[in-house]
1. Which of the strands (runs of 3 or more DSSP E) found entirely inside the range 75-152 contain at least 3 residues meeting this: farther than 16 Å from residue 172 by Cβ?
2. Would you confirm whether or not the range 282-304 contains a residue that is within 16 Å of ligand 2 (Cβ to nearest atom), within 25 Å of residue 318 (Cα to Cα) and modelled with pLDDT under 95?
3. Within the range 282-290, is even one residue more than 11 Å from ligand 1 (Cβ to nearest atom) and farther than 25 Å from residue 138 by Cβ?
4. Please find, among 322, 293, 318, 297, the residue that is touching a residue at least 12 places away in the same chain (Cβ under 8 Å), part of a helix (DSSP H, G or I) and within 10 Å of ligand 1 (Cβ to nearest atom).
5. Looking for whichever is in contact with a helix residue (DSSP H, G or I) (Cβ under 7 Å, 6 or more places away or on another chain) and buried (at least 17 other Cβ atoms within 10 Å of the Cβ) here; the options are 226, 288. Which one fits?
6. Just checking, how many residues over the range 1-15 are surrounded by fewer than 18 Cβ atoms within 10 Å (Cβ to Cβ) and touching a residue at least 40 places away in the same chain (Cβ under 8 Å)?
7. Kindly indicate which of 89, 85, 146 is more than 30 Å from residue 330 (Cα to Cα), touching a helix residue (DSSP H, G or I) at 6+ places or on another chain (Cβ under 9 Å) and surrounded by fewer than 17 Cβ atoms within 10 Å (Cβ to Cβ).
8. Kindly indicate the residue of the range 10-43 that is within 13 Å of ligand 1 (Cβ to nearest atom) and not in a helix (DSSP H, G or I) and also farthest from residue 84 (Cα to Cα) among those meeting that condition.
Ligand code: ATP
Ligand code: MG
């Protein structure tokens, strides 16, 4: 079997530390399962601005396009806060999503029994929570034209446009059904169909796609209710699918349920080429370079890569089991440690996970 080519974009801040950890874990997987992973490194974000004068250099994009999957750390930091808009590190992320057609953002939210008291929710509410939010990433209100201000009849007026093509809605909803068919077989489609025409079309399409997946249950939920249900009874969800802006808001809300930002992975799937995997957290400038960051979100992102991009299910399970085991044994980085628990460094956490593999 040939080598899997993985483009690694460590980025800024703790991005470097956590991607290094994930690569070591992937190397442990390669050894145990006899695979070959070939890592290539590229610049993105603040460091790319410093070295190449742009947050997403053309050579980085070329390298990613020729890879089988992309692993990203995080971008940004106070050093670049005062930069003009086109020289902000975050522009690199927006650009790579657009250039690589990363239309589907998957964020699993999973409860770890050993971290029960990190959650702001009561134990019986958060227990056994295990769902995925599927967010549309390249359309809707954030990209629709026209968008801007003008003066109309002497009044200052502003407009943003929520625009979707039928095909864009169909493909994201299909991703959700495919995912649900391999999980608990339930899709919650979130919209605002009592008010928005775009949501009424979304709902229609969800019904059409559902016909192709007779074993998956479809439920519709208004976005305001969904925001409430995530707190009231998050156990009811398996796969939540929604458009760009609703997904932006709900996925940040959902990421707080378990109280462990440093634990949550994500995948962004492409229509045309390689997909991209990254932790949901940012570059955490406050702890960067201190060997303190929790590497688990990035390590679990690499497990998603194995499963979704390479079809290596057993290998992905091995990573997830190793993480479980190390947490159960009581190892904690500072962000998830409780009083009295021994705190380990990034590197120690990575070593424990490798050993468990
Ligand atoms: P961004 O705008 O890039 O999302 P942010 O400031 O919103 O950045 P983070 O960079 O994720 O968010 O940091 C938020 C807080 O969480 C910080 O205090 C940071 O130290 C902490 N944090 C984030 N990720 C981790 C991690 N992997 N391990 C430990 N702490 C983390
Ligand atoms: Mg943030």
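1. Working: elements: 102-110, 130-136, 144-152.
Where strands (runs of 3 or more DSSP E) fall fully within the range 75-152 and carry at least 3 residues being farther than 16 Å from residue 172 by Cβ, they are 102-110, 144-152.
2. no
3. There is at least one residue in the range 282-290 that is more than 11 Å from ligand 1 (Cβ to nearest atom) and farther than 25 Å from residue 138 by Cβ.
4. Working: 322 fails: within 10 Å of ligand 1 (Cβ to nearest atom); 293 fails: part of a helix (DSSP H, G or I); 318 fails: within 10 Å of ligand 1 (Cβ to nearest atom).
Among 322, 293, 318, 297, only 297 is touching a residue at least 12 places away in the same chain (Cβ under 8 Å), part of a helix (DSSP H, G or I) and within 10 Å of ligand 1 (Cβ to nearest atom).
5. On the way: 288 fails: in contact with a helix residue (DSSP H, G or I) (Cβ under 7 Å, 6 or more places away or on another chain).
After applying the criteria, what remains is 226.
6. Step one: of the range 1-15, the residues surrounded by fewer than 18 Cβ atoms within 10 Å (Cβ to Cβ) are 1-3, 5.
With touching a residue at least 40 places away in the same chain (Cβ under 8 Å) added as a condition, the list becomes 5.
So the answer is 1.
7. Details: 89 fails: surrounded by fewer than 17 Cβ atoms within 10 Å (Cβ to Cβ); 146 fails: touching a helix residue (DSSP H, G or I) at 6+ places or on another chain (Cβ under 9 Å).
Only one candidate qualifies: 85.
8. Within the range 10-43, the match that is farthest from residue 84 (Cα to Cα) is 14.
The values are calculated or read from the model by the stated rules, or taken from the named source; none is laboratory data. All values derive from a computational prediction rather than experimental measurement. Note that we place each Cβ from the backbone using ideal geometry, even for glycine, and neighbour counts take in every protein chain shown.
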